Amino acid sequence: QVQLVESGGGLVQTGGSLRLSCAASGGLRRINVMGWYRQTPGNQRELVASTTTRGNTNYADSVKGRFTISRNDAKNTAILQMNSLKDEDTATYYCQLYQYGATYWGQGTQVTVSS
């Protein structure tokens, strides 16, 4: 069973940076997609960024140029580097892994951006 553990959330000032990390373990396949989603109360979970084992990346328009997703397949980790954070980036961030028709989620980590 795949397990995902996120870390790195917290409180940061507007314009600051945070680095989120997701460690995956158990039942990983060679080809998969890892991504970060975020959710605020009363809203649907939305894609922030994703990356494939082939190195392809995808970003939400709202974070392009500010966030960077990367992965280390040797360590089964995915990193989301968030720069120039805005108040509207405040949310619970979830790591997701998709492989062979199955989707797995982490427990979420809170990111709060405040001026």
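The values are calculated or read from the model by the stated rules, or taken from the named source; none is laboratory data. Just so it is clear, the structure is predicted and the values come from calculations on it, not from any experiment. To get the accessible areas, we keep the full protein, side chains included, count just its heavy atoms, and leave off ligands, DNA and RNA. Shrake-Rupley method; radii C 1.70, N 1.55, O 1.52, S 1.80 Å.
Surface exposure of the stretch 11-115, expressed per residue as accessible area with a 1.4 Å probe, stands at 54 Å². Taken as Cα centroids, the stretch 67-95 and the stretch 1-51 sit 6 Å apart, rounded to the nearest whole angstrom.
Ligands, DNA and RNA left out, the 1.4 Å accessible surface of the chain is 44% carbon and sulfur atoms.
Express the relative contact order of the stretch 60-115 as a whole percentage, based on alpha carbon pairs under 8 Å and six or more residues apart in sequence. Value for the stretch 60-115: 27 percent.
Could you give the length gained on full extension between SER62 and GLN13, defined as 0.36 nm per residue of separation minus the Cα-Cα distance, in nm?
15.8 nm
Over all pairs of different C-alpha atoms, the chain has a mean inverse distance whose reciprocal, the Kirkwood radius, equals 14.1 Å.
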